[in-house]
Amino acid sequence: MSIFITGGAGFIGSNFVLDWLEQCNGTVINLDKLTYAGNLDNLMSAKNNKQHIFVKGDIADSALLCKLFTEYRPRAVINFAAESHVDRSILDPKIFIQTNIVGTFQLLQSVQAYWNNLEKMAKDHFRFLHVSTDEVYGALVADDPAFQETDSYKPNSPYSASKAASDHLVRAYHHTYGLPVLTSNCSNNYGPYQFPEKLIPLVINHALTGKPLPIYGNGLQIRDWLYVKDHCSAIRRVLERGKPGETYNVGGYNEKTNLEVVRTLCTILDELRPRADEKSYQAQIVYVNDRPGHDRRYAINATKIKNELGWEPTETFDSGIRKTVEWYLANSNWVSNTTNDHYQHWLEKQYS
Ligand code: NAD
Ligand code: DAU
């Protein structure tokens with residue numbers, strides 16, 4: 001039987017499609033609007049795979065969703081589609097409200113209509129999995145315990161507020177209509193195919209092209225990093241074993257300051273692709289104005305998914321970050337194809 005995913009041409013979604021085709025049986029229908037963040041190059045290795053069906057479209061397009069659900073009869077829908085970049089949400093929040101809130105609402109309406117008409121057995125086995133973020137919990141300070149599923153929501157940016165709203169809608173469709181939903185709240189991902197506006201691919205790309213490596217504020221903010229393929233295996237596990245109505249935090253226990261992450265990237269690049277002048281790439285670090293409302297620290301307590309579903313990450317930060325640098329070095333064409341004029345223009349508007 002097929003599964004239906006949204007946002008599968010983006011960073012995590014495309015990794016998930018490739019991972020699914022490798023690990024699982026059954027067709028993947030992949031609906032993506034192909035915004036600036038969606039890139040079919042990510043799916044090149046699945047080009048001739050008949051188990052992957054790509055459809056360009058919007059999660060808010062109910063007529064299209066109805067047609068696709070009727071045609072493919074998926075056993076599950078996984079929602080990756082979103083506007084995902086915090087900086088963009090600060091400068092222009094409107095599309096975040098449209099896609100992340102209105103879009104998720106329209107998707108839920110379409111899924112519910114499809115689910116209502118399934119036969120009992122298919123209805124019992126159907127799942128809607130909503131992929132969300134740790135940012136809905138707000139910010140931690142120094143010694144606060146890591147986020148747990150029972151923590152209250154305190155989103156701080158327009159991005160995290162829009163994701164929090166979508167999580168609440170998903171919850172409400174379970175509570176009110178009985179839709180069998182699952183929600184995962186994950187920490188910062190890194191790995192292949194991440195659009196180079198996010199810290200890790202941006203720093204690698206800037207280092208190699210001789211540009212400044214911008215650190216917001218003092219660089220002591222903390223993020224909890226997870227290799228994207230571990231996130232994909234967690235989503236598969238939640239889909240197959242998660243209990244409808246439950247939420248699962250996903251993280252890799254890799255808390256790092258931004259400065260540590262950037263210095264680590266510089267050290268690996270110094271070894272793998274030394275600068276012509278033999279200086280460290282750290283010479284390119286510059287401190288720029290801070291992100292407005294910048295959350296100080298995120299950290300995930302992932303004991304629920306470990307204890308109840310038996311999931312744990314396999315990659316350490318050291319192994320994952322080295323693989324990531326190697327991937328970007330080997331895929332410089334992918335990076336240059338994504339960093340077009342529009343992207344350059346966008347970067348110049350940031351907090352310099
Ligand atoms: P991304 O920005 O790389 O990809 C988003 C994808 O969604 C793109 O392919 C885009 O074209 C598509 N899309 C956007 N609007 C759409 C719409 N209206 N209809 C259909 N498709 C649409 O994002 P990502 O980093 O891969 O994140 C995927 C999901 O995981 C998001 O929901 C995000 O909130 C969540 N998440 C991301 C991270 C992270 O570190 N990147 C961590 C936790 C959770
Ligand atoms: O925590 C999960 C979230 O992680 C996801 O929900 C988001 O979709 C994803 O974009 C990511 O959000 P962040 O804002 O944490 O990621 P970003 O890569 O933009 O920034 C990581 C940290 O690095 C953050 O503290 C801001 C800082 N930063 C970022 C950039 C782009 C810099 O210091 N300089 C930069 O140039």
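The values are calculated or read from the model by the stated rules, or taken from the named source; none is laboratory data. This one's a predicted model, so the numbers in the text were calculated from it and none came from an experiment. Cβ atoms come from the backbone with ideal geometry, glycine included; neighbour counts cover every protein chain shown. Surface accessibility is based on the protein's heavy atoms, side chains included, excluding ligands, DNA and RNA. Shrake-Rupley method; radii C 1.70, N 1.55, O 1.52, S 1.80 Å.
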(request) Rounded to whole Å and ordered largest first, report the semi-axes of the equivalent ellipsoid of the stretch 1-158 derived from its Cα gyration tensor (root of 5λ). (result) 28, 19, 17
(message) Let me spell out the model: positive unit charges on the Cβ of Lys and Arg, negative unit charges on the Cβ of Asp and Glu, origin at the Cα centre of the chain. What dipole size does that give, in debye rounded to 20?
(response) 680 debye
(message) Which aspartates and glutamates, if any, have their Cα less than 18 Å from the Cα of K323, not counting same-chain residues under 8 positions apart?
(response) D19, D224, D230, E260, D270, E271, E315
(request) Bin width 20 Å, alpha-carbon pairs only: give the P(r) of the chain as whole percents, running from 0 to the bin holding the largest distance. (result) 30, 60, 10, 0
(message) Below 17 Å, Cα to Cα, which lysines can K47 reach? Residues fewer than 8 away in the same chain don't count.
(response) K56
(request) Take every Cα-Cα distance within the stretch 1-76, group them into 10 Å bins from 0 onward, and report for each bin the whole-number percent of pairs it holds. (result) 20, 56, 24, 0
(request) From largest accessible area down, sort E149, E119; use a 1.4 Å probe on the protein chains. (result) E119, E149
(message) Treating only the Cα positions of the stretch 45-121 as identical point scatterers, give the base-10 log of I(q)/I(0) from the Debye formula at each q in 0.11, 0.23, 0.25 Å⁻¹.
(response) -0.37, -1.09, -1.17
(message) Leaving out ligands and nucleic acids, and using a 1.4 Å probe, what accessible area per residue does the chain come to in Å²?
(response) 44 Å²
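Given charges of +1 on the Cβ of Lys and Arg and -1 on the Cβ of Asp and Glu, with all other atoms neutral, how large is the dipole of the stretch 144-278 about its Cα centre, in debye to the nearest 20? Don't skip to the end; give the middle numbers.
On the way: 15 positive and 15 negative charges, 75 e Å.
Its charge dipole is roughly 360 debye.
Rank I200, I90 by accessible area, highest first, at a 1.4 Å probe radius? Mind dumping the intermediate values first?
Values: I200 0, I90 45 Å².
The most accessible residue leads, giving I90, I200.
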(request) For the stretch 281-298, take each phi angle, set θ = phi - 60°, evaluate the Karplus expression 6.51 cos²θ - 1.76 cosθ + 1.60, and give the result in whole Hz per residue in order, putting x for glycine and proline. (result) 4, 4, 4, 8, 5, 10, 9, 10, 3, 6, 5, x, x, 3, 5, 6, 8, 10
(message) Taking the Cα centre as origin and putting +1 on Lys and Arg beta-carbons and -1 on Asp and Glu beta-carbons, what dipole magnitude results for the stretch 194-352, to the nearest 20 debye?
(response) 260 debye
(request) Divide the volume of the convex hull of the Cα atoms of the stretch 157-214 by its number of residues and quote the answer in cubic angstrom per residue. (result) 102 Å³
(message) Let me cross-check Y281: its accessible surface, 1.4 Å probe, with only protein heavy atoms counted, in Å² to the nearest 10?
(response) 10 Å²
(request) Taking amide H positions as placed in the peptide plane 1.01 Å from N, state which residues far from I285 in sequence (5 or more) or on other chains have amide H under 5 Å from it. (result) L213
(message) Rounded to the nearest angstrom and ordered from largest down, what semi-axes does the equivalent ellipsoid of the stretch 196-352 get from its C-alpha gyration tensor (root of 5λ)?
(response) 31, 18, 16
(message) Quick query: amide H of R297 versus all other amide H atoms, modeled in the peptide plane; which residues come in under 5 Å with a sequence gap of 5 or more or a different chain?
(response) L140, I222
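I'd like the antiparallel share, as a percent to the nearest 5, of DSSP beta bridges with both residues in the chain.
Percent antiparallel among DSSP bridges in the chain is about 10.
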(request) Would you please give the residues with an amide H less than 5 Å from that of L182, counting only those at least 5 places away or on a separate chain, with H modeled from the backbone geometry? (result) F128, L129, H130, G245
(message) Can you find, among G245, C266, P212, the residue sitting farthest towards the positive end of the charge dipole of the stretch 188-278, where Lys and Arg contribute +1 and Asp and Glu -1 at Cβ?
(response) G245
(request) Express in whole angstrom the spacing between the alpha-carbon centres of the stretch 218-262 and the stretch 26-99. (result) 21 Å
(message) Tell me the accessible surface of S319 in square angstrom (1.4 angstrom probe, heavy atoms of protein chains only), to the nearest ten.
(response) 40 Å²
(message) Please list F80, F16 from largest to smallest accessible area, probe radius 1.4 Å, with all protein chains kept in place.
(response) F80, F16
